[in-house]
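The values are calculated or read from the model by the stated rules, or taken from the named source; none is laboratory data. Because the structure is predicted, anything quoted here is derived from the model rather than measured. Please note: Cβ atoms are built from the backbone with ideal geometry, for glycine as well, and neighbour counts cover all protein chains shown. Quick note on the areas: whole protein, heavy atoms, side chains included, nothing else; ligands and nucleic acids left out. Shrake-Rupley method; radii C 1.70, N 1.55, O 1.52, S 1.80 Å.
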Amino acid sequence: MNLQVKHEGEFQYIDEGEGEVLLLLHGLFGALSNWNGVVDHFSRNYRVVIPLMPIYEMALHKAGVPGLVSFIEDFVKFKNLSDLTLLGNSLGGHVALVYTLKNAAKVKRLVLTGSSGLFEDSMGGSFPKRGNYEYVKERVGYTFYSPETATKELVDEVFDITNSNAKCLRIIAIAKSAQRHNLGKDLENIQVPTLLIWGLNDTITPPLVAHEFNRLIHNSELYFIDKCGHAPMMEHPERFNSILDKFLAKTQVGETAT
């Protein structure tokens, strides 16, 4: 579906459907389009909201996990949202976790997929590398199990980002911030029902990371998707949506994860 980006105040966002709010947070090199399959499926029964995080534009001294959490807090307040189901991929999962720890009363459920916060191999350790299209193509492909998921449009977008010095500085600052803000000691304080959907072939946040999240978040359940990398909602949208559908239905009637 063609997502309609709305502009209001300092915010750009997607807002589709009506009902309970699913607030979706993209990753470091993510985009609103990463969630196309989720929006298409869930906007029939839910209000799906995706703020575009200011990863490449935010003030350099604010470029980090705390700055992004503050941005989401401002957005939620601006849109007067509550009873959130927070979905985060990669860095977006990290932001969702910290937001939940700080604003537990506003969060009803948490969904993490390929989340940072414990450990992540930051695109092979040396990304971004400027001016080398084939290298960028290889690194973007590293995100997925099936390289064809890394479309030319996606590779071009990341290549353009890495060719901007200002954007690279922010990416590096945010990546370092994510590594500093390890949540291992805080996850036991997450009380809301939490769903973990992980690619079995994720090389950036490997399966052992998913198991550790599952161990540390008491009220959590974990599902793996085979032949899938770091972005299950992009690589296997139907399977991702099916798992999420069941979780939303189950937690709606007050059941808890096991």
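As a summary of the residue check, Gly67 satisfies the conditions (1) over 24 Å from Met234 (Cβ atoms); (2) surrounded by fewer than 16 Cβ atoms within 10 Å (Cβ to Cβ) except for the one numbered (2). Taken over segment 1-25, the criterion of being assigned to a loop (DSSP other than H, G, I, E, B) and modelled with pLDDT of 95 or more is satisfied by Gly17, Glu18, Gly19, Glu20. Within segment 150-164, the only residue that satisfies the criterion of being open to solvent by 30 Å² or more (accessible area, probe 1.4 Å) and in contact with a Gly (Cβ under 7 Å, 6 or more places away or on another chain) is Asn163. Of the residues screened, His41 is not one that is of a type outside the set (Phe, Trp, Tyr), modelled with pLDDT under 95, farther than 18 Å from Ser220 by Cα and in a helix (DSSP H, G or I). Scan segment 146-153 and give yes if some residue there is at pLDDT below 95, under 19 Å from the mean Cα position of the chain (by Cα) and not in a helix (DSSP H, G or I), otherwise no. Checking segment 146-153: at least one residue is at pLDDT below 95, under 19 Å from the mean Cα position of the chain (by Cα) and not in a helix (DSSP H, G or I). The helices (runs of 4 or more DSSP H) found wholly in segment 165-252 and carrying at least 1 residues that are within 30 Å of Tyr56 (Cβ to Cβ), open to solvent by less than 40 Å² (accessible area, probe 1.4 Å) and among the small types (Gly, Ala, Ser) occupy 165-180, 207-216. If the condition is being hydroxyl-bearing (Ser, Thr, Tyr) and either under 30 Å from Ala105 (Cα atoms) or under 20 Å from the mean Cα position of the chain (by Cα) (or both), then segment 163-191 contributes only Ser177. Return yes when Phe78 is in contact with a helix residue (DSSP H, G or I) (Cβ under 6 Å, 6 or more places away or on another chain), of a type outside the set (Asp, Glu), on the phi < 0 side of the Ramachandran plot and surrounded by fewer than 21 Cβ atoms within 10 Å (Cβ to Cβ) and no when it is not. Spelling it out, it is not the case that Phe78 is in contact with a helix residue (DSSP H, G or I) (Cβ under 6 Å, 6 or more places away or on another chain), of a type outside the set (Asp, Glu), on the phi < 0 side of the Ramachandran plot and surrounded by fewer than 21 Cβ atoms within 10 Å (Cβ to Cβ). Scanning segment 1-56 for residues that are open to solvent by 30 Å² or more (accessible area, probe 1.4 Å) and small (Gly, Ala, Ser) yields a total of 4.
If you go through segment 222-244 and pick out every residue that is among the basic types (Lys, Arg) and closer than 13 Å to Gly114 by Cβ, you end up with 0.
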